[in-house]
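The values are calculated or read from the model by the stated rules, or taken from the named source; none is laboratory data. This structure is a prediction, so every number in the text was calculated from the model and none was measured. So basically every Cβ, Gly included, is an ideal-geometry build from the backbone, and we count neighbours across all protein chains shown.
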Ligand code: GLY
């Protein structure tokens, strides 16, 4: 199964395939980039550049080491750099592929649910720098994305649930029927039922793909993909990396976005309740953290300062109706103090 997207002049072909076919027709000269966690998936006869596991791979020294690896491998522009792994490996590999020879062929093989439905598609590349996540990066869509859903059967539970929060977010952005499946079939979702997952991954790719086709460089509608993320990023930075997985923080942020939308008179109350119930059904922590309210607020301010813009939030009127808007700071404080739920009951 295959889909193609065009992101500002770049064509990305996504193929869903089996493990046995994952490496078919891959140029012999290609260089794979992966961390030790994905070693089991890699073909033995390919050249490999190994990066450290985890967020520390998204660093300037590791980018430099990877660029040196591409040079050592004598990679020409038409040969492929193949990032195999989660979001960290996808972001780092894509940045190196963009910089090396001013752009060589990039193939991504996402092995986590989060990377399948989000990080691998849409061309965002990046490393962390100066204490900020993804502050250095470019837009460089992969030529090919190869997805093997079987990989998800062995994904650690926490990693799986982290990706699931992005699936919920994407359904909220524009797929009522996926949202209903998530509501009605939690057992199949929890059991990682292949048919349910394949459909969910395709739906997310279609929704994200159509948004990024309209706005690769995030000057407009692409910001909708950040639903729940202003709160999530602030929580992650306050609680420290790893205390909450990205998806756990996103789920918490989605609950806050519903409350903020309610407090601002934007979000339909019944919809906000529906979202909260869904998040709770999947076991996410969605209660407010009033004891951390001030720190979270400060982290939001810091993030805003870095972007140099006014405080703007991605909110929803209802499923599929998303907007980016300024919100009175007093309402944000109210939500962070834990008073937001009163606004939609
Ligand atoms: N992960 C959000 C985006 O790709 O824009």
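Table for the structure above
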{"item": "Filter result for residue 272 (within 16 Å of the ligand (Cβ to nearest atom), within 26 Å of residue 327 (Cβ to Cβ) and either in contact (Cβ under 8 Å) with a residue 60 or more places away in the chain or buried (at least 18 other Cβ atoms within 10 Å of the Cβ) (or both))", "result": "no"}
{"item": "The range 132-145, residues that are within 12 Å of the ligand (Cβ to nearest atom) and farther than 19 Å from residue 82 by Cβ", "result": "133, 134, 137, 139"}
{"item": "Per-region count, the range 211-237, residues in contact (Cβ under 8 Å) with a residue 60 or more places away in the chain, more than 11 Å from the ligand (Cβ to nearest atom) and surrounded by fewer than 20 Cβ atoms within 10 Å (Cβ to Cβ)", "result": "1"}
{"item": "Residues of the range 85-95 satisfying the condition of being more than 14 Å from the ligand (Cβ to nearest atom) and either closer than 24 Å to residue 24 by Cβ or not in a helix (DSSP H, G or I) (or both)", "result": "85, 89, 93"}
{"item": "Residues (buried (at least 22 other Cβ atoms within 10 Å of the Cβ) and either assigned to a helix (DSSP H, G or I) or touching a helix residue (DSSP H, G or I) at 6+ places or on another chain (Cβ under 8 Å) (or both)) located in the range 142-160", "result": "142, 147"}
{"item": "Test for residue 31: is it at pLDDT 95 or above, surrounded by 13 or more Cβ atoms within 10 Å (Cβ to Cβ) and either at positive phi or under 19 Å from the mean Cα position of the chain (by Cα) (or both)", "result": "no"}
{"item": "Residues that are part of a loop (DSSP other than H, G, I, E, B) and within 20 Å of residue 112 (Cβ to Cβ), drawn from the range 15-58", "result": "17, 18, 22, 23, 35, 42, 43, 51, 52, 53, 54, 58"}
{"item": "Filtered residue count, the range 207-220, keeping only those that are within 16 Å of the chain's Cα centre (by Cα) and assigned to a helix (DSSP H, G or I)", "result": "6"}
{"item": "Residue tally, condition closer than 26 Å to residue 12 by Cβ and assigned to a helix (DSSP H, G or I), over the range 185-206", "result": "13"}
{"item": "Scope the range 105-131; condition away from the ligand (no atom under 11 Å from the Cβ) and modelled with pLDDT of 95 or more; matching residues", "result": "105, 106, 107, 108, 109, 110, 111, 112, 113, 116, 127"}
{"item": "Any hit, the range 281-297, residues being buried (at least 18 other Cβ atoms within 10 Å of the Cβ) and either under 22 Å from residue 134 (Cα atoms) or within 16 Å of the ligand (Cβ to nearest atom) (or both)", "result": "yes"}
